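One structure is given here, and the rest of the page talks about it.
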Amino acid sequence: MDLDLRKVRYFVAVAELLHFGRAAERLHIAQPVLSRQIRSLEKDLDAPLFERDSHGVSLTTAGHQLLDDGRALLASADATRRRVRRSARGPHRLVVGFRAGIVLTRTLRAYGAAHPGIEVRARRVEWDDQERLILDGTVDLAYLRRPIREDGLTLLPLFTETRVAMLPGDHRLAGKPDLVRADLDGETWLRYADPGPDDVPIRSIEEKFEAVASGAGITLVPVSVAEQYSRPDITYVPVTDAEPDEVVLAWEAARRSALIEGFVQSVRGARD
């Protein structure tokens, strides 16, 4: 029997909330209907997905497995739906992602002037979704900063930038003409990737501002970020021996698109 994606979506809601009533509210369906759909899915798979007792609902081993696989399956189905809808609209719109600090205005204007029948839009991406938004079709290609999970992507290196320390305005090193990494020994560095279970991941430049200004820690940012974003309680100081920040243009390796190929060629031509 084919796996019913609607039932999988219902299952994921219950598995995430571990509560049939709240899951039914999220899904905008009646709880008895949701319960019947879950029982039907368990029958389809010939496996119990939940343990139900007086203390509530918990996942079985099979349920944990389906939650992992189901999330990936639903994400893939959603990406397929977006790509099909985009294809149905025809090759008339290009969405270009970019990280904070990277200015696309001149590139997008030049591309739009050379291709007047194509609508070009820009969308900001963050470090924790930059690859996913390309692979699921939300953006067609994007200007990314390393580190990058390269699986499934084609990368075109573009340029590097020096990095500067982002410090609270009253920091002991504020006002220095420049620093080296050793000057920052003993400082608390903000963590972005793989936060602990009780941590809130820092995603955007605005969140970095709040964390640094509050004294939670310091970080390094590309010089373009320092040039474009400022606050009176934040200061930037060049770090002469910091590893440069690398910017690349990335797109899905397996995707065939005349628009993407044309944009990449225009970028290559501008570099030559």
Can you work out which of the residues in region 1-41 that are touching a residue at least 40 places away in the same chain (Cβ under 8 Å) and assigned to a loop (DSSP other than H, G, I, E, B) is surrounded by the fewest Cβ atoms within 10 Å (Cβ to Cβ)?
-> Met1
Go through the residues of region 89-107 one by one and say whether even a single one is part of a helix (DSSP H, G or I) and among the hydrophobic types (A, V, I, L, M, F, W, C).
-> no
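Going through region 3-58 one residue at a time, which ones are charged (D, E, K, R) and either on the phi > 0 side of the Ramachandran plot or under 31 Å from the mean Cα position of the chain (by Cα) (or both)?
Within region 3-58, Asp4, Arg6, Lys7, Arg9, Glu16, Arg22, Glu25, Arg26, Asp46 meet the criteria.
Hey, which of the helices (runs of 4 or more DSSP H) in region 182-272, taking only ones fully inside, have at least 3 residues that are modelled with pLDDT under 90? So that I can check it myself, show each step before the final result.
On the way: elements: 205-213, 223-228, 258-271.
Of the helices (runs of 4 or more DSSP H) lying wholly inside region 182-272, those with at least 3 residues that are modelled with pLDDT under 90 span 258-271.
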Given the residues Ser35, Ser54, Ser40, Ser76, which is the only one that is among the hydroxyl-bearing types (Ser, Thr, Tyr) and under 30 Å from Ala142 (Cβ atoms)?
-> Ser76
Being farther than 29 Å from Asp129 by Cα, touching a residue at least 40 places away in the same chain (Cβ under 8 Å) and in a helix (DSSP H, G or I) narrows Asp78, Asp44 down to just Asp44
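Residue-wise test of (1) of a type in the set (Val, Ile, Thr); (2) farther than 30 Å from Lys208 by Cα; (3) surrounded by 13 or more Cβ atoms within 10 Å (Cβ to Cβ); (4) modelled with pLDDT of 90 or more.
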residue: Arg71; (1), (2), (3), (4): no, no, yes, yes
residue: Ala75; (1), (2), (3), (4): no, no, yes, no
residue: Thr80; (1), (2), (3), (4): yes, yes, no, no
residue: Arg85; (1), (2), (3), (4): no, yes, no, no
residue: His92; (1), (2), (3), (4): no, yes, no, no
residue: Leu104; (1), (2), (3), (4): no, no, yes, yes
residue: Thr107; (1), (2), (3), (4): yes, no, yes, yes
residue: Pro116; (1), (2), (3), (4): no, yes, no, no
Within region 129-138, the residues that are outside any helix (DSSP H, G or I) and within 22 Å of Val225 (Cα to Cα) are Asp129
Search result, residues across region 153-181 that are over 20 Å from Asp233 (Cβ atoms), among the charged types (D, E, K, R) and not in a strand (DSSP E or B) | Asp178, Arg181
Residue check for Arg121: more than 30 Å from Ala77 (Cβ to Cβ), basic (Lys, Arg) and either modelled with pLDDT under 95 or outside the structural domain of Ile260 (by TED's automatic domain parsing) (or both) | no
crowded, with 17+ Cβ neighbours inside 10 Å and in the same structural domain as Leu108 (by TED's automatic domain parsing): does that describe Ser257?
-> yes
Taking Asp178, is it over 20 Å from Glu126 (Cα atoms), in contact with a Gly (Cβ under 9 Å, 6 or more places away or on another chain), of a type outside the set (Val, Ile, Thr) and modelled with pLDDT of 95 or more?
-> no
Return a yes/no flag: does region 121-135 have any residue that is of a type in the set (D, E, K, R), in contact with a Leu (Cβ under 6 Å, 6 or more places away or on another chain) and surrounded by 14 or more Cβ atoms within 10 Å (Cβ to Cβ).
-> no
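The values are calculated or read from the model by the stated rules, or taken from the named source; none is laboratory data. Since the structure is predicted, the reported quantities are computational estimates derived from the model, not experimental observations. Because the Cβ atoms are built from the backbone with ideal geometry, glycine has one as well, and the counts that use them run over all protein chains shown.
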